[in-house]
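Visitor: Below are the structure tokens for one structure; questions will follow.
The values are calculated or read from the model by the stated rules, or taken from the named source; none is laboratory data. As the structure is a computational prediction, the values presented were derived from the model and not from experiment. Cβ placement follows ideal geometry from the backbone for every residue including glycine, while neighbour counts extend to all protein chains displayed.
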Amino acid sequence: MDYIARLSSIIAPGTRALVIDDSATTRRIFRSQLESLAIEVAEASDGKEALEYLEREIESTQLVLSDISMPTMDGFEFCYRLQQAPWYDGTPLVMVSTQSDATSVIRVLKLGADDYIPKPFDQEVLAQVIGRVMTHG
């Protein structure tokens, strides 16, 4: 059994991810790949919208996937503000971005991200990272 099939068999019913990206096309790709893993998807188009959503829905969100380059509030500021929020409970945060230079990756990890996936990515990489951050926090 491949990893994707194994992961989708162990994902708890009702698992929800918040996908944060200013590109509707990218959010649609994430939705398709996550739903194939039996993960429900909520969406936000920037960090500000994501923080507002998470403040209301943190208890029903088990994973956050965020781009870095976004208008209004970018992924760096989102990551920082999320870590500072009194209601944040440590829900796994994975940054997914075309900004794959070492400086950007180190910066988001220092700001509290649990992992980083460079774009473009494939479903196997996404599934591996999700499995790791959701089982090891």
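Visitor: Is at least one residue of region 95-108 among the acidic types (Asp, Glu), closer than 26 Å to residue 35 by Cβ, more than 13 Å from the chain's Cα centre (by Cα) and modelled with pLDDT under 95? Give the derivation first.
Guide: Initial filter on region 95-108 (among the acidic types (Asp, Glu)): 101.
Now narrow it down to the ones that are closer than 26 Å to residue 35 by Cβ: none.
For region 95-108, residues among the acidic types (Asp, Glu), closer than 26 Å to residue 35 by Cβ, more than 13 Å from the chain's Cα centre (by Cα) and modelled with pLDDT under 95: absent.
Visitor: State whether the residues of region 99-120 include one that is in contact (Cβ under 8 Å) with a residue 40 or more places away in the chain and surrounded by fewer than 12 Cβ atoms within 10 Å (Cβ to Cβ).
Guide: no
Visitor: Find the residue count for region 59-72, including only residues that are surrounded by fewer than 18 Cβ atoms within 10 Å (Cβ to Cβ) and either small (Gly, Ala, Ser) or without any contact (Cβ under 8 Å) to a residue 40 or more places away in the chain (or both). Steps first, answer last, please.
Guide: The first filter runs over region 59-72 and keeps only residues surrounded by fewer than 18 Cβ atoms within 10 Å (Cβ to Cβ), leaving 59-60, 69, 71-72.
If we keep only those that are either small (Gly, Ala, Ser) or without any contact (Cβ under 8 Å) to a residue 40 or more places away in the chain (or both) as well, we get 59-60, 69, 72.
Result for region 59-72: 4.
Visitor: Scan region 15-29 for residues that are without any contact (Cβ under 8 Å) to a residue 40 or more places away in the chain and of a type outside the set (Val, Ile, Thr) and report the count.
Guide: Looking only at region 15-29, we keep the residues that are without any contact (Cβ under 8 Å) to a residue 40 or more places away in the chain, and these are 24-25, 27-29.
So of that shortlist, the ones also of a type outside the set (Val, Ile, Thr) come out as 24, 27-28.
Of the residues in that region, 3 qualify.
Visitor: Could you tell me which of the residues 89, 22 is surrounded by fewer than 18 Cβ atoms within 10 Å (Cβ to Cβ), at pLDDT 95 or above and not in a helix (DSSP H, G or I)? Steps first, please.
Guide: Numbers: 89 fails: at pLDDT 95 or above.
The match here is 22.
Visitor: Considering only residues that are outside any helix (DSSP H, G or I) and within 14 Å of residue 68 (Cα to Cα), which ones fall in region 92-110?
Guide: Keep residues of region 92-110 that are outside any helix (DSSP H, G or I), which gives 92-101.
Matches in region 92-110: 93, 94, 95, 96, 97, 98, 99, 100, 101.
Visitor: With respect to the numbered conditions (1) outside any helix (DSSP H, G or I); (2) closer than 17 Å to residue 16 by Cα; (3) touching a Phe, Trp or Tyr at 6+ places or on another chain (Cβ under 9 Å), which one is the sole condition not fulfilled by residue 54?
Guide: Here residue 54 meets the rest and fails (1).
Visitor: Residue check, residue 33 against (1) outside any helix (DSSP H, G or I); (2) within 13 Å of the chain's Cα centre (by Cα); (3) under 17 Å from residue 124 (Cα atoms), all met but one. Which one?
Guide: Unmet condition: (1).
Visitor: Residues that are in a loop (DSSP other than H, G, I, E, B) and on the phi > 0 side of the Ramachandran plot: does region 111-120 have at least one? Lay out the reasoning, then the answer.
Guide: First pass over region 111-120, keeping only residues in a loop (DSSP other than H, G, I, E, B): 111-114, 119-120.
Subset that is on the phi > 0 side of the Ramachandran plot: 112.
Yes, because at least one residue in region 111-120 is in a loop (DSSP other than H, G, I, E, B) and on the phi > 0 side of the Ramachandran plot.
Visitor: How many of the residues making up region 77-86 are of a type in the set (A, V, I, L, M, F, W, C) and either surrounded by fewer than 19 Cβ atoms within 10 Å (Cβ to Cβ) or closer than 17 Å to residue 24 by Cα (or both)? So that I can check it myself, show each step before the final result.
Guide: Residues of region 77-86 of a type in the set (A, V, I, L, M, F, W, C): 78-79, 82, 85.
Filter again for either surrounded by fewer than 19 Cβ atoms within 10 Å (Cβ to Cβ) or closer than 17 Å to residue 24 by Cα (or both), leaving 85.
Total meeting the criteria: 1.
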